[in-house]
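One structure below.
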Amino acid sequence: MRGLMQDFPLTIDAIFRHVEQHYGDGTIATNSPTGVTKVTYAEWAERTRKLGGVLDTLGISAEGRVGTFGWNSQRHLELYFAAPSSGRILHTLNIRLFPEQLTYIANHAEDEVVFVDRSVLPLFWPLVDTMKTVQHVVIMDDGSDNEIPDDPRISDYEALLAEASPVEFHVEDENSAASMCYTSGTTGNPKGVVYSHRSTFLHTMGVLMPNAFGLSIRDVAMPVVPMFHANAWGIAQAAPAAGASLVMPGPMMQPEALARLILDEGVTFTAGVPTIWQGVLPHLAGKPHKLRDIGCGGSAVPKALSEAYREQVGLPILQAWGMTETHPVASSGILPPRFDDLDDEGKAAQRARAGIPFLGVEARIVDSETLEPQPWDDQATGELQVRGPWCAKDYYNPDAGVELTTEDGWMRTGDVAAMDSFGSIRIADRTKDLIKSGGEWISSVDLENAIMSHPKVKEAAVVGIPHPKWDERPLACVVLREGETATEEEILEYLKPLIAKWWMPDAVEFIDEVPKTSVGKFSKKDLRSRFAEYAPKS
Ligand code: ADP
């Protein structure tokens, strides 16, 4: 017997209508060099319908790819809804990628139009002739005075909107593509992940759950994590879906400006990668605020960072785990009540976990080759694999040999993890960052956590360096806090009680800064090549 409920499609235009009908007085604030501008969701909805009209006027085809190249802003949010709700496919281009990668991605996705923030036009415009399918470039003026070239392909966002008529949104098929996001692999070409309306709707509900970000109509949410990478962790859809007001940093990504915005706009929930929160901490410490949660993920969240926030800002960091291929959020590390009696150190260790997968996502750890399940004893590690309605099953026209899904239908994450008896995930490392020493694995993440708990250390990244006897040995690359000095001996002595003897780094290199990827994560690839010739100790 079949269920007798309506087969109602889970689409982005349904989210849009909900926001338009019920949350008209919620606001979106966007920062810029000239100050903060604000619109209500009612105004945003009207503009978004008109933007659908603009896409028609420009002649964007039925499933045409609508590229964006910009910061987190109200206009970017208009595109987030207008493109998929009118049947087109939103394609966010990562403004920090190398030019060759941007050209590759725009051509691979076949973008017809790209909406570009004026402040990043100089990064985009030199590439336009290499993007074969791009016919229109629409400039979004975000307060920069960058010169706008005199070219027939260029038009102005506000001028187009002023001329446009609002359109009706109606997407029938919940499984049709809604947006695309390319992941910047460390090897090979970037790979395109294609989100559907259904996966977006369900992911939105997933991140809204109380164990996740728990947003409500009473929240003010500020995604620092970019809308140009991994969907701003779903916050750009989830906040309006819940009626929460939004605060967008625009191009004002300096730590001090972010802290100012959090304080001035009464932000209650925000999220970003660890390096962002590292920078913001001194500007928030000791100040009165309304924050109830600071989401953090995208790379290992140092325990010391979370503890510093608990002590200086009054709330620890909420860890989340995921990847572009999981929309991107799949689990979070909210502290279960069974740990309430632990001391501060014990609680901090629990918060350093990626946590329990959200309802809808299933996780397992297995031997990556044999797919043999590994025990959930928090000791054994294996490749973390996931499945669920917001996990990707394949990439968009992938290169030969790139396979995301196992033969029994689970998505490979490339992360190595352990799980406790409740199935709470502890990320040990990325497969490619694990250090293999004498046939045993050393977790670079655990080592970094130990080093970063040293009071003089600002940042630490550990990489494997080739070793004739042990295969690889750990090299600790350490950035000291401003004005501090330390010796290698001092760091190694500090580590002795914290780690197994054979994990002890072979050497400590003091560096000025850990190189970062396009989205602010530690770039271990760069460190490995910088120290490739490192002479190992015997
Ligand atoms: P990329 O950084 O490769 O462009 P993603 O942004 O999709 O792509 O990154 C996903 C990866 O980030 C995960 O596979 C994992 O290695 C890492 N990651 C995400 N969240 C966490 C976390 N909480 N702890 C440790 N690593 C994390």
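The values are calculated or read from the model by the stated rules, or taken from the named source; none is laboratory data. Computed from a predicted model, the values in this text were never measured in an experiment. Cβ placement follows ideal geometry from the backbone for every residue including glycine, while neighbour counts extend to all protein chains displayed. Accessible surface is based on the protein model in full, side chains and every heavy atom, while ligands, DNA and RNA are left aside. Shrake-Rupley method; radii C 1.70, N 1.55, O 1.52, S 1.80 Å.
Using the Cα centre as the reference, give the magnitude of the dipole from point charges on the C-beta atoms of the chain (Lys, Arg: +1; Asp, Glu: -1; all else neutral), rounded to the nearest 20 debye.
600 debye
Report the relative contact order of the range 405-538, percent, no decimals, based on alpha-carbon pairs under 8 angstrom and at least 6 residues apart. The partial results should precede the final answer.
Numbers: 211 pairs, mean separation 25.1, N = 134.
Answer for the range 405-538 is 19 percent.
Using the Karplus equation 6.51 cos²θ - 1.76 cosθ + 1.60 (θ = phi - 60°), what ³J(HN,Hα) coupling, rounded to whole Hz, does each residue of the range 381-390 give in order, writing x for Gly and Pro?
10, x, 6, 6, 10, 9, 8, x, x, 10
Please compute, for the alpha-carbon atoms of the range 302-461, the extent along each of the three principal axes and give them in descending order in Å.
Cα extents, longest axis first: 49, 39, 30 Å.
Explain nothing, just the number: relative contact order of the chain, from Cα pairs under 8 Å at least 6 residues apart, as a whole percent.
That works out to 10 percent.
So which trypsin sites (Lys or Arg not before Pro) in the range 94-183 end up in coil per DSSP with only 16 or fewer other C-beta atoms within 10 Å? Intermediate values should be presented prior to the final figure.
On the way: sites: R96, R118, K132, R153; in loops: R96, K132, R153.
Passing both the DSSP loop test and the Cβ count: K132, R153.
Taking the Cβ-Cβ separation of E168 and L315 as r and a Förster radius of 51 Å, what is the calculated FRET efficiency to the nearest 0.05?
The formula returns an efficiency of 0.75 here.
Label L498 and D399 with points 7 Å out from Cα along Cα→Cβ: what is the distance between them in nm?
About 3.7 nm, to one decimal.
Measuring with a 1.4 Å probe in the full set of protein chains, what accessible area per residue, in whole Å², belongs to the chain?
Heavy-atom SASA per residue in the chain reads 43 Å².
Once each part is reduced to its C-alpha centroid, what is the distance from the range 347-410 to the range 51-68 in angstrom?
Centre-to-centre (Cα) distance: 36 Å.
For the chain, what does the alpha-carbon gyration tensor say about shape, rounded, prolate or oblate, given a ≥ b ≥ c as the root eigenvalues, a/c under 1.5 as rounded, and a/b over b/c as prolate?
prolate
How large a share of the accessible area of the range 44-213, in percent, is made up of carbon and sulfur atoms when the probe is 1.4 Å and the other protein chains stay in place?
Answer for the range 44-213 is 51 percent, counting heavy atoms of protein chains only.
Mind checking which lysines have their C-alpha under 19 Å from K436, skipping anything on the same chain fewer than 8 residues away?
K469, K501, K524, K525, K537
Among A83, I427, P9, whose Cα sits farthest toward the positive end of the charge dipole of the chain (+1 at Cβ of Lys/Arg, -1 at Cβ of Asp/Glu, about the Cα centre)?
Looking along the dipole axis, the top candidate is I427.
Sorted by accessible area with a 1.4 angstrom probe, largest first, how do T370, T275 fall?
T370, T275
How many nm separate the modelled label positions at K456 and M5, each set 7 Å beyond the Cα in the direction of the Cβ?
6.1 nm
Classify the range 434-530 from the C-alpha gyration tensor, please: rounded if a/c falls under 1.5, else prolate or oblate depending on whether a/b exceeds b/c.
Oblate, because a/c is 1.5 or more while a/b does not exceed b/c.
Largest first, please: the extent of the C-alpha atoms of the range 44-213 along each principal axis, to the nearest Å.
47, 45, 29
Rounded, prolate or oblate for the range 181-302? Axes are the square roots of the Cα gyration tensor eigenvalues, ordered a ≥ b ≥ c, and the cut-off for rounded is a/c under 1.5. Could the numbers behind the result be given before it?
Working: a/c = 2.06, a/b = 1.26, b/c = 1.63.
Oblate shape, in that a/c is at least 1.5 and b/c is the bigger or equal ratio.
Using 0.36 nm per residue, how much length does the chain from E513 to D341 gain when fully extended, once their Cα-Cα distance is taken away?
Values: separation 172, 0.36 × 172 = 61.92 nm, distance 3.82 nm.
Extra length from E513 to D341 when fully extended: 58.1 nm.
Under 5 Å between amide H atoms, partner at least 5 residues away or on a different chain: which partners does D429 have, H built in plane at 1.01 Å?
Here V416 satisfy the definition.
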